[in-house]
Structures are given as C-alpha cells and as structure tokens.
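Here is the structure we will look at, set down as structure tokens.
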Amino acid sequence: MTQRPERADALRNREAVLTAAEALFAESGRPQAVSMDEIAAAAGVGKGTLFRRFGDRAGLIGAVIASRLEPLRKAVGEARDAAERPPRQRVLDLLDISLRFKIENRHLMSAAEDAGVGSLYQAEHYGWWHELLRTELDQVPGVRDPGFTAHALLAAVRADLVIHLIDDQKMTPEGLRSSLAAHVARVLGDGADAPGPRRGSEPAGA
C-alpha cells in the first residue's frame, strides 16, 4: 500500500498525542478523570483523530505504554548481558529495573488498569517480564517453582502497590528499592551472592 504524503505529519501528531496523554495523566493524579477531549486539545488535534488512530481510550493508553517500553527493553538487555553477575543478582537487577519503570510511569500504569486494557496477566509486557524472571530463577539454587516465584516477585512491583507506597505512604523511591532488595533476598534465601540494589539515579517524576 502506497504511503500517503502526510505520513510525516501523522507521525508527529501521534507523538504529540502520546506526549500530551502521558503529561495529563501525570498532572491530574487521577488519570481516569482525563477525557479524550482534553488529550486532543493538549495535543492540538481533533478528537476524531484520536479515535481513528487509537480506537478508544484503552488503545491510546496501550500505545503510550508501548512507546515507553523501548528504553526499558534496552536496560533489561544490558542487565542480562552481565553474565559475571550471579543469578540472584540478575533477578534483583530485573526487578529493580521494573520497579523504577513503575515509579516513573505509575500514573500511566494506573490509567491502563482503570481503562480496562485487559487482565494484567494477559498483557504482552507482563508475559515478557515473567518469562525473563522465570528463566533467571531457573538458575538460582533452591528455587523449586521458578514460574510461580516469578509471579510472586512481580506482585511486589504492581503499579497500584507502587502508587500506594510512593504517593499515599510517602515512601522514597530509594527506600522502596531497598525494601524490594530485602524482600528478594528473603524469597530466594541466603547465599554468598545475596542481592543488593544497584545504585542508580532516582527515577524522574517520583
């Protein structure tokens, strides 16, 4: 199919919509209260453009999430390439990356749940995370059921829990990361390679 001449403008409009949507979700603190009209106005496009490109609110939110996943996938690839790091540490590295992503994008992830994008456990990104963790856990001595353990560990970085701890309980991002590291150590048991959190920059927007 021949590309239309206005494709470049359409791509710019798409990025403008995604940027506006994420900004409004974060600014409102209640993403479910942000209307499609508000997103269209902030992006400088017609409401019809939103529905033609994204189908509905859930489709828009899913597109925003997908646009933010690429840097995350790169960070995960780098963590998994660190073969010299013991299995327990690689598990923590992956969970820490996920947690930082959830902290930075907690309003967006909350909007996804409220919009009924679908069961968390059926989401493509959840399946991706689960398989990564299951594979690493399979190499950790003493882990009897890597699949279940991966689900249990991912529950500790759910977006709704992150929102509660950061926004309601006023827990700091670094404090939350340290608590996660301690939890992982307890779940995986003691060992010479017991994990500790990687030092890194505090997530933006937290």
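Key figures for this structure:
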{"quantity": "Lone qualifier among Gly59, Gly44, Gly142, Gly48 - being in contact (Cβ under 8 Å) with a residue 24 or more places away in the chain, over 25 Å from Arg177 (Cβ atoms) and either among the small types (Gly, Ala, Ser) or in contact with a Pro (Cβ under 7 Å, 6 or more places away or on another chain) (or both)", "calculated": "Gly44"}
{"quantity": "The range 176-199 residues that are at pLDDT 55 or above, paired with ones that are of a type in the set (Lys, Arg) (beta carbon under 7 Å, 6 or more apart)", "calculated": "Leu188/Arg88; Pro197/Arg177"}
{"quantity": "Residue within the range 27-42 that is crowded, with 17+ Cβ neighbours inside 10 Å, within 19 Å of the chain's Cα centre (by Cα) and modelled with pLDDT of 85 or more present", "calculated": "no"}
{"quantity": "Extreme residue, modelled with the highest pLDDT, among residues of the range 1-23 that are within 27 Å of Asp167 (Cα to Cα) and open to solvent by 40 Å² or more (accessible area, probe 1.4 Å)", "calculated": "Thr19"}
{"quantity": "Test: Val17 is more than 30 Å from Lys170 (Cα to Cα) and outside any helix (DSSP H, G or I)", "calculated": "no"}
{"quantity": "Helices (runs of 4 or more DSSP H) contained entirely in the range 20-129, each with at least 2 residues that are β-branched (Val, Ile, Thr)", "calculated": "57-81, 87-104"}
{"quantity": "Top-ranked residue in the range 145-157 [being open to solvent by less than 70 Å² (accessible area, probe 1.4 Å) and part of a loop (DSSP other than H, G, I, E, B); ranked as nearest to Ala182 (Cα to Cα)]", "calculated": "Ala156"}
{"quantity": "Test result for Val64, more than 11 Å from Glu136 (Cβ to Cβ) and open to solvent by less than 10 Å² (accessible area, probe 1.4 Å)", "calculated": "yes"}
{"quantity": "Residue match in the range 87-104 (condition: modelled with pLDDT under 85 and among the hydrophobic types (A, V, I, L, M, F, W, C))", "calculated": "no"}
{"quantity": "Cross-chain or 6+ apart pairs with Cβ under 8 Å, the range 121-135 first and within 15 Å of Leu69 (Cβ to Cβ), then surrounded by fewer than 17 Cβ atoms within 10 Å (Cβ to Cβ) and among the basic types (Lys, Arg)", "calculated": "Leu132/Arg80"}
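The values are calculated or read from the model by the stated rules, or taken from the named source; none is laboratory data. This one's a predicted model, so the numbers in the text were calculated from it and none came from an experiment. Every residue, glycine as well, gets a Cβ built from its backbone with ideal geometry; the counts of neighbours run over all protein chains shown. Quick note on the areas: whole protein, heavy atoms, side chains included, nothing else; ligands and nucleic acids left out. Shrake-Rupley method; radii C 1.70, N 1.55, O 1.52, S 1.80 Å.
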